[in-house]
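Data first, discussion second: the structure below is written as structure tokens.
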Amino acid sequence: MPPKNTPRKVSAIAKCQICRRAVAEWTWQPFGPSDDFTCAFTALGSHYRGFPAVKTCENCRQQIKTERVIFTYRHNGYVTNPATGAIEEAPF
Ligand SMILES: [Zn+2]
């Protein structure tokens, strides 16, 4: 018999899709509808439908606001550039 105080099912906890380690806390929508990817975050589950959504942890959210961050979406690599507000295809 399993112990009574079993933790939540692991499958129910979403992992960050950028660092792939931490628990995801945000949905990031780098390709819209917002023009500014550095603030395109919503609570998990309440993102805008019809736009790509990437789950991120709080740490990666802070990095996206200030640093270049590499992420993949549908097997394509991208790198953010907060200085220009652009998202470029990653060179790999
Ligand atoms: Zn992360």
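Each value in this text was obtained by applying a stated rule to the coordinates, not by laboratory testing. Owing to the predicted nature of the structure, the values given are computational and were not obtained by experimental measurement. Glycine gets a Cβ as well: all are built from the backbone with ideal geometry, and neighbour counts include every protein chain shown.
Only residues that are surrounded by 12 or more Cβ atoms within 10 Å (Cβ to Cβ) and at negative phi were counted across the stretch 32-52, and they come to 11. Of all the residues in the stretch 53-92, those that are over 13 Å from the mean Cα position of the chain (by Cα) and crowded, with 16+ Cβ neighbours inside 10 Å number 2. Here's a check for you: in the stretch 14-71, which residue that is assigned to a helix (DSSP H, G or I) and in contact with a Pro (Cβ under 8 Å, 6 or more places away or on another chain) is nearest to the ligand (Cβ to nearest atom)? Within the stretch 14-71, the match that is nearest to the ligand (Cβ to nearest atom) is ILE64. Selection of the stretch 56-92 for residues being closer than 14 Å to ALA22 by Cβ and among the acidic types (Asp, Glu) yields only GLU58.
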